[in-house]
1. For the chain, with only Lys/Arg (+1) and Asp/Glu (-1) charged at the beta-carbon, what is the dipole magnitude about the Cα centre, in debye rounded to 20?
2. Add -39500 (n - 2.57) for each DSSP H run of 4 or more in the chain, then divide by its residues: what number comes out at 222 nm, to the nearest 500 deg cm²/dmol?
3. Based on the alpha-carbon gyration tensor of the chain, what equivalent-ellipsoid semi-axes (square roots of 5 times the eigenvalues) come out, in whole Å, largest first?
4. Subtract the Cα-Cα distance of residue 58 and residue 11 from 0.36 nm times their separation in residues, and report this length gain in nm to one decimal.
5. Tally up the carbon and sulfur contribution to the accessible surface of the chain as a whole percent, 1.4 Å probe, everything protein left in place.
6. Lys/Arg Cβ at +1, Asp/Glu Cβ at -1, dipole of the chain taken about the Cα centre: which of 16, 73, 4 is farthest positive-ward?
7. Which angle between 0 and 90 degrees, to the nearest 10, do you get for helix 46-76 versus the longest principal axis of the chain when only C-alpha atoms count?
8. If you roll a 1.4 Å probe over the heavy atoms of the protein chains, what accessible area per residue do you get for the chain, in Å²?
Amino acid sequence: MSRQADIERRLDHLGSRMREYANGTADTADDLLSRGRRAVSRFSRGDASKRIARRAEDLADEANYQYRRLRRHATRHPVATAAIVAGTVGALFLLFRALRSDED
């Protein structure tokens, strides 16, 4: 085979591969666009903002309840609270040591 024919064959093969990649990329882009449109349509309804507001309010109420509960527990049992905090900090240090690379 001549060198010219070999170059042309390789360029044809490269062109077909590029078309395949471009088609795959276009399909992926179309899929992402359609998923984005579905997500936007889900949140563009009127009840979506009400649901989000209710969930945010529920989350704030739960956080407030947990804070008050923890504060009441700490007031009633200060030694137990200090032990829990010390245990948590110790567990974090052990976790950091276990996950640290040996190169340090």
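The values are calculated or read from the model by the stated rules, or taken from the named source; none is laboratory data. What you are looking at is a predicted structure, and each value in this text was computed from that prediction instead of being measured. Counting neighbours? That spans all protein chains shown, and the Cβs are built from the backbone with ideal geometry, glycine included. Areas reflect the complete protein model, heavy atoms only, side chains present, ligands, DNA and RNA absent. Shrake-Rupley method; radii C 1.70, N 1.55, O 1.52, S 1.80 Å.
1. 760
2. The helix-only estimate for the chain comes to -33000 deg cm²/dmol at 222 nm.
3. Here the semi-axes work out to 59, 32, 4 Å.
4. Using 0.36 nm per residue and subtracting the Cα-Cα distance, I get 10.8 nm.
5. 58
6. Result: 73, furthest along the dipole toward the positive end.
7. The two axes meet at around 40 degrees.
8. 94
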